Amino acid sequence: MTPITLRVLDGADRGQVYQIRSAPITIGREEGNSIQLNDERISRYHIKIQLDHEDLVLTDLESTNGTKVNGEEVQLRILRHGDMITIGRSTLIFGTRSEINQRFDRLGSSELLEASDVSNSASKDQLAVKPDWKENPNYQLALLDLDPPGLPERLSPGQAAQLSEVFEFFHMHMRRIVNDVEISSRSPSVEVSHEQWQKFLDLQARLAEYLRQIGSPG
């Protein structure tokens, strides 16, 4: 397996580069972790990264202050090169510069990157995520738009049926909301009734509840 690279962008350990030969990896402030960070807001054992078939899966270990990936609170997340993991006051980026750029090149989003040394002969390994990433609230959304997650594989027939029912539930309700939208030919805006807006907010709340249940199955 290719070594797993995590680089600290922010926090007391800023600039540290960790290359771990293989998963599982634990990150926390206690000795005995694969990566020990000097950050009092990080739990003793904060997150775990483990291999599941070909995916690297991050799990929040019921930490006190939670875990964010690309600015979004998570309990479980499949990691991809370029993902930024925030725990406590520390932020780590997953992948080498070369691995991150290979992903962005594939997505056709090289505008997210910049050369650390301005040179026509600079190699692709000298590209990095722009330093103003913290000011971009849509970083995660931009990545998802470019690289939407695939459906899980290796589902049992029962699990596939359950997943299908969940998607069908949201699809039917969203279709009803969309059908009730009023579009004016004289205005570029659309109007939604207060009732439909409340239904939309309820759908968002239900999705949040599902995400919480999946991340904390116990």
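The values are calculated or read from the model by the stated rules, or taken from the named source; none is laboratory data. All figures in this text were calculated on a predicted structure; none of them were measured in a lab. Here the Cβ is made from the backbone with ideal geometry for all residues, glycine too, and neighbour counts use every protein chain on show. Heads up: the accessible areas ignore ligands, DNA and RNA and are worked out on the full protein's heavy atoms, side chains in. Shrake-Rupley method; radii C 1.70, N 1.55, O 1.52, S 1.80 Å.
Taking A161 as meeting all but one of (1) out of contact with any Phe, Trp or Tyr (no Cβ under 8 Å at 6 or more places or on another chain); (2) open to solvent by 70 Å² or more (accessible area, probe 1.4 Å); (3) at pLDDT 75 or above; (4) assigned to a helix (DSSP H, G or I), write down the number of the exception.
(2)
Hey, any hits in the stretch 190-207 for a residue that's at pLDDT below 80 and open to solvent by 100 Å² or more (accessible area, probe 1.4 Å)?
No, every residue in the stretch 190-207 fails to be at pLDDT below 80 and open to solvent by 100 Å² or more (accessible area, probe 1.4 Å).
Looking at the stretch 159-175, I want the residues that are more than 23 Å from V192 (Cα to Cα) and among the small types (G, A, S) and have a partner that is modelled with pLDDT of 90 or more and surrounded by 13 or more Cβ atoms within 10 Å (Cβ to Cβ) with Cβ atoms under 9 Å, at least 6 apart or on another chain. Which pairs are those?
Short answer, once both residue conditions are applied: none.
Starting from the stretch 196-215, keep only residues that are over 17 Å from P152 (Cβ atoms), then list their pairs with residues that are open to solvent by less than 90 Å² (accessible area, probe 1.4 Å) whose Cβ atoms are within a distance under 7 Å, requiring at least 6 positions of separation or different chains.
Listed by first residue and then by second, the contacts come to Q196/I177; Q196/D180; K199/H173; K199/I177; F200/I177; L203/F170; L203/H173.
What single numbered condition from (1) touching a helix residue (DSSP H, G or I) at 6+ places or on another chain (Cβ under 9 Å); (2) over 29 Å from Q213 (Cα atoms); (3) free of Cβ contacts under 8 Å to residues at least 24 places away in the same chain fails to hold for H81?
For H81, the exception is condition (2).
Taking only pairs six or more apart or across chains, which ones have beta-carbon atoms under 7 Å, a first residue in the stretch 16-42 that is touching a residue at least 24 places away in the same chain (Cβ under 8 Å) and over 18 Å from N65 (Cα atoms), and a second residue that is open to solvent by 30 Å² or more (accessible area, probe 1.4 Å) and among the polar types (S, T, N, Q)?
A23/Q50; P24/Q50; I25/S34
Starting from residues that are open to solvent by 60 Å² or more (accessible area, probe 1.4 Å), in a loop (DSSP other than H, G, I, E, B) and of a type outside the set (D, E), keep the ones in the stretch 23-37 and report whichever is nearest to S90 (Cα to Cα).
For the stretch 23-37, the residue satisfying everything is R29.
Are any of the residues in the stretch 186-209 farther than 24 Å from Q75 by Cβ and of a type in the set (V, I, T)?
Yes, the stretch 186-209 contains at least one residue that is farther than 24 Å from Q75 by Cβ and of a type in the set (V, I, T).
Scan the stretch 38-82 for residues that are over 25 Å from L107 (Cα atoms), open to solvent by less than 60 Å² (accessible area, probe 1.4 Å) and in a loop (DSSP other than H, G, I, E, B) and jot them down.
Residues satisfying the conditions are D39, I42, S43, H46, S63, G66, Q75.
Is it the case that some residue within the stretch 83-99 is in a loop (DSSP other than H, G, I, E, B), open to solvent by 40 Å² or more (accessible area, probe 1.4 Å), out of contact with any Pro (no Cβ under 7 Å at 6 or more places or on another chain) and modelled with pLDDT of 85 or more?
Residues of the stretch 83-99 in a loop (DSSP other than H, G, I, E, B): 83, 88-89, 95-96.
Then drop every residue that is not open to solvent by 40 Å² or more (accessible area, probe 1.4 Å), which leaves 89.
Of the ones still in play, those that are also out of contact with any Pro (no Cβ under 7 Å at 6 or more places or on another chain) are 89.
Filter once more, so that each one left must be modelled with pLDDT of 85 or more: 89.
Yes, because at least one residue in the stretch 83-99 is in a loop (DSSP other than H, G, I, E, B), open to solvent by 40 Å² or more (accessible area, probe 1.4 Å), out of contact with any Pro (no Cβ under 7 Å at 6 or more places or on another chain) and modelled with pLDDT of 85 or more.
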